[in-house]
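Colleague: After the structure tokens below, expect a handful of questions from me.
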Amino acid sequence: VFRRMSASTSVEDVNILPEAEQCIRDWVNEAKDTKKALTIYVGVDIGGTNTRIAVSSGKKGEVIRVCKFRAGTVVEVEKGLARIAELLSPQLQGESVSGAALGVAGRVFADRRGAEITNFGDTATGQEIHVRDLPAVLCPHDRTIFLNDLQCACYGMRALDAAGQLGDLFSPLWPADAPEASLEPHHYIVMAMGTGLGNAFLLSNPNGDGFTVMPLEAGHAIASTVGAAHPDYAEDQAMIAYLSKKLYNSKTGIEYEDVCSGRGLENVYDYLASLDDSRPAASAPEIAKLVEEGDKVARKALLIHYKWFARCTRMLAMISQARGVFWAGNNQFNNADFVREHLDELRGEILNSTKPTWFESLKVYTQKQLLNINLWGCLFVAQTQQL
């Protein structure tokens, strides 16, 4: 069972799903009845807004969601996990969790026992989170590690591909004759726009034996622009100048994440709204609603948002010589119709290169179902403890 959870609760109201309680009780009782060692693995996806938890018995198909709660600071995450540990303790009946992995947006420390959650912004309590500060009943301190969020997605994709299910989650955008999604012995890029812009390489090992996952922070690279003869050049330069002044006092250019993220969509819309004194700024959810209503400015903002996403894709494909790209995340599912409507423009953005022939055969896939791949990846790593 791996159902979606619709609404999240605040840290103060954290509770766990009744079926999760029953499932864990059953796993513990079965282990006791059969006198076999209990295996329970915990996966935690710490997003910019919500934290999600799932558990697995390590057996195929035995995965269940436990809880989803809102958290925007490290302290809130720690409080939420402590509450879940308190609620799960009676079900565990004194047994220990076998391993845990937590995915975060940001930089993971070398020992993998801590991380810096950049999505939370600078707060009085800081951005750093450490295994030592988490409840040991849920996250055993000697068997818990942190992962970058797109690193989690890559491991989740590996797990789904091994189960022959990757094609159920991703469909091809182009070329038209692209095969069903699967991981062949080639290099791949995985990208996701959400609160931030996540990206990672899924690199085929030299001997063709599996893949190495390399998490990236390419969203913070200074973005490229188009040539002076390009029809978008003047608008591109004006928007870059506007956002550079707004965000960095014109001291630097802007980064991809300044356009390709939730706040990035707001930035683009803010620039376009500045050209019309009668139009107020809007939040990302408000812009999404305006897009649904056919608002021309909102639709243009979303198109620019995706064009820059394609630019970042081109940069990473050039660097890695990847054969395929996976645009992941629930936003891809939500914006599927819009993306397909503008496929020619987005592909044109990728081909707008000094080496366009290098990208003509690049296969681009997009997520077609609502599924948190990060949680699958966390559970895979929690079980294997291998990176």
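Colleague: Grab the beta carbon distance between K300 and N205, set R0 = 41 Å, and tell me the FRET efficiency rounded to 0.05.
Modeller: 0.45
Colleague: Could you go through segment 35-49 in sequence order and give the Karplus-derived ³J(HN,Hα) for each residue, using 6.51 cos²θ - 1.76 cosθ + 1.60 with θ = phi - 60°, rounded to whole Hz, and x for Gly and Pro?
Modeller: 6, 9, 5, 6, 10, 9, 10, 10, x, 10, 10, 9, x, x, 10
Colleague: I would also like to ask the following. Please list, in chain and number order, the residues 5+ apart from G58 or on another chain whose amide H is under 5 Å from its amide H, with Hs placed from the backbone.
Modeller: Those lying under 5 Å, H to H, from G58 are Y41.
Colleague: Another question about this same structure. Send over the semi-axes of segment 97-182's equivalent ellipsoid, whole angstrom and largest first, taken as the square roots of 5 times the C-alpha gyration tensor eigenvalues.
Modeller: Details: eigenvalues 214, 61, 15 Å².
Taking √(5λ) for each Cα gyration eigenvalue gives 33, 18, 9 Å.
Colleague: Tell me what the chain gives for mean residue ellipticity at 222 nm when only DSSP H runs of n ≥ 4 count, each as -39,500 (n - 2.57), the sum divided by the residue total, rounded to 500 deg cm²/dmol.
Modeller: Result for the chain: -12000 deg cm²/dmol, rounded to the nearest 500.
Colleague: What's the extension gain from N29 to S244 if we count 0.36 nm per residue and subtract their Cα-Cα distance?
Modeller: Between N29 and S244, full extension yields 71.5 nm more.
Colleague: Under a point spin-label approximation (7 Å from Cα along Cα-to-Cβ), what is the A229-T252 distance to one decimal in nm?
Modeller: Label at A229, label at T252, 3.2 nm between them.
Colleague: Need the full-extension length gain, D133 to D337, defined as separation in residues times 0.36 nm minus the C-alpha distance. One decimal, nm.
Modeller: Taking D133 through D337 to full extension adds about 69.1 nm, to one decimal.
Colleague: So how much slack lies between I222 and S96, counting 0.36 nm per residue of separation and subtracting their Cα-Cα distance, in nm?
Modeller: Difference between extended and current length: 40.8 nm.
Colleague: What value in Å³ per residue do you get for the convex hull of the alpha-carbon atoms in the chain?
Modeller: 153
Colleague: Let me ask another. To two decimal places, what compactness ratio does segment 196-324 give when its Cα radius of gyration is scaled by 2.2 N^0.38 Å?
Modeller: 1.20
Colleague: Work out how far the C-alpha atoms of segment 259-338 reach from end to end along every principal axis, then list the three figures in whole Å, largest first.
Modeller: For segment 259-338, the Cα spread along each principal axis is 46, 23, 17 Å.
Colleague: Under 5 Å between amide hydrogens, which residues at least 5 positions from A100 or on another chain qualify, with H placed 1.01 Å from N in the peptide plane?
Modeller: V42, T144, I145
Colleague: Here is a further query. Percent antiparallel among DSSP beta bridges with both residues in segment 173-327, to the nearest 5?
Modeller: 75
Colleague: A follow-up question, please. Which residue, C152, Q93, G72, has the largest displacement toward the positive end of the dipole of the chain when charges sit on each Cβ (Lys, Arg +1; Asp, Glu -1)?
Modeller: Farthest along the dipole direction, towards plus: Q93.
Colleague: Among M214, M239, what's the order by accessible area (1.4 angstrom probe), most exposed first? Show your work: numbers first, answer last.
Modeller: Working: M214 85, M239 5 Å².
The ranking, largest first, comes out as M214, M239.
Colleague: Could you work out the percent of alpha carbon pairs in segment 145-262 separated by over 18 Å, rounded to a whole number? Don't skip to the answer; put the middle values down first.
Modeller: On the way: 4389 of 6903 pairs.
Value for segment 145-262: 64 percent of Cα pairs lie more than 18 Å apart.
Colleague: Relative to the longest principal Cα axis of the chain, at what angle does helix 149-162 sit, 0 to 90 degrees, rounded to 10?
Modeller: That helix lies at roughly 70 degrees to the long axis.
Colleague: Would you please give the residues with an amide H less than 5 Å from that of F211, counting only those at least 5 places away or on a separate chain, with H modeled from the backbone geometry?
Modeller: Here N205 satisfy the definition.
Colleague: Averaging the inverse of every distinct alpha carbon separation and then flipping it gives the Kirkwood radius. What is it for segment 181-248, in angstrom units?
Modeller: Working: mean 1/r = 0.0666 Å⁻¹.
About 15.0 Å for segment 181-248.
Colleague: Here is a further query. Spin-label point model (7 Å from Cα, Cβ direction): what's the M214 to D142 distance in nm?
Modeller: In this crude label model, M214 to D142 measures out at 3.4 nm.
Colleague: A follow-up question, please. So what's segment 18-120 giving for Rg/Rh, alpha carbon basis, Kirkwood Rh from the mean inverse pair distance?
Modeller: 1.00
Colleague: OK, next. Helix 18-34 versus the longest principal axis of the chain: what angle, 0 to 90°, nearest 10, using Cα atoms?
Modeller: 40
Colleague: Sort all Cα-Cα distances of segment 292-387 into consecutive 10 angstrom bins from zero, then give the percent of pairs in each bin up to the one containing the longest distance.
Modeller: 14, 38, 31, 14, 3
Colleague: Determine, from the Cβ-Cβ distance of E293 and N330 and an R0 of 22 Å, the FRET efficiency 1/(1 + (r/R0)^6), rounded to the nearest 0.05.
Modeller: So the FRET efficiency works out to roughly 0.60.
Colleague: Could you go through segment 133-142 in sequence order and give the Karplus-derived ³J(HN,Hα) for each residue, using 6.51 cos²θ - 1.76 cosθ + 1.60 with θ = phi - 60°, rounded to whole Hz, and x for Gly and Pro?
Modeller: With the stated coefficients, segment 133-142 comes to 9, 9, x, 5, 5, 9, 10, x, 5, 9 Hz.
Colleague: Cβ under 11 Å from V137's Cβ, V137 left aside: what net charge do those residues give with Lys, Arg +1 and Asp, Glu -1? Could the numbers behind the result be given before it?
Modeller: Details: positive: none; negative: E86, E95.
Spelling it out: positives minus negatives among the neighbours equals -2.
Colleague: 7 Å from Cα along Cα→Cβ at both E21 and T384: what's the point-to-point distance in nm?
Modeller: Each label point lies 7 Å from its Cα, and together they span 3.5 nm.
Colleague: Okay, next question. Could you give the angle, 0 to 90 degrees to the nearest 10, between helix 74-92's Cα long axis and the longest principal axis of the Cα atoms of the chain?
Modeller: 30
Colleague: Counting other C-beta atoms within 10 Å, and keeping those with at most 16, which DSSP coil chymotrypsin sites (Phe, Trp or Tyr not before Pro) do you find in segment 104-186?
Modeller: F109
Colleague: While we're on this one: Take each of the peptides 360-367, 331-338, 274-281, average the number of other beta-carbon atoms within 10 Å over its residues, and list them starting from the highest.
Modeller: The peptides rank, most packed first, as 360-367, 331-338, 274-281.
Colleague: Moving on to the next point. Per the Cauchy relation, a quarter of the hull surface: what is the mean projected area of the convex hull of the alpha carbons in segment 41-186, in nm²? Numbers along the way, then the final one.
Modeller: Working: hull surface 41.9 nm².
Here the figure is 10.5 nm², rounded to one decimal.
The values are calculated or read from the model by the stated rules, or taken from the named source; none is laboratory data. Source: prediction; values computed, not measured. Note that each Cβ is placed from the backbone with ideal geometry, even for glycine, and that neighbours are counted across all protein chains shown. To get the accessible areas, we keep the full protein, side chains included, count just its heavy atoms, and leave off ligands, DNA and RNA. Shrake-Rupley method; radii C 1.70, N 1.55, O 1.52, S 1.80 Å.
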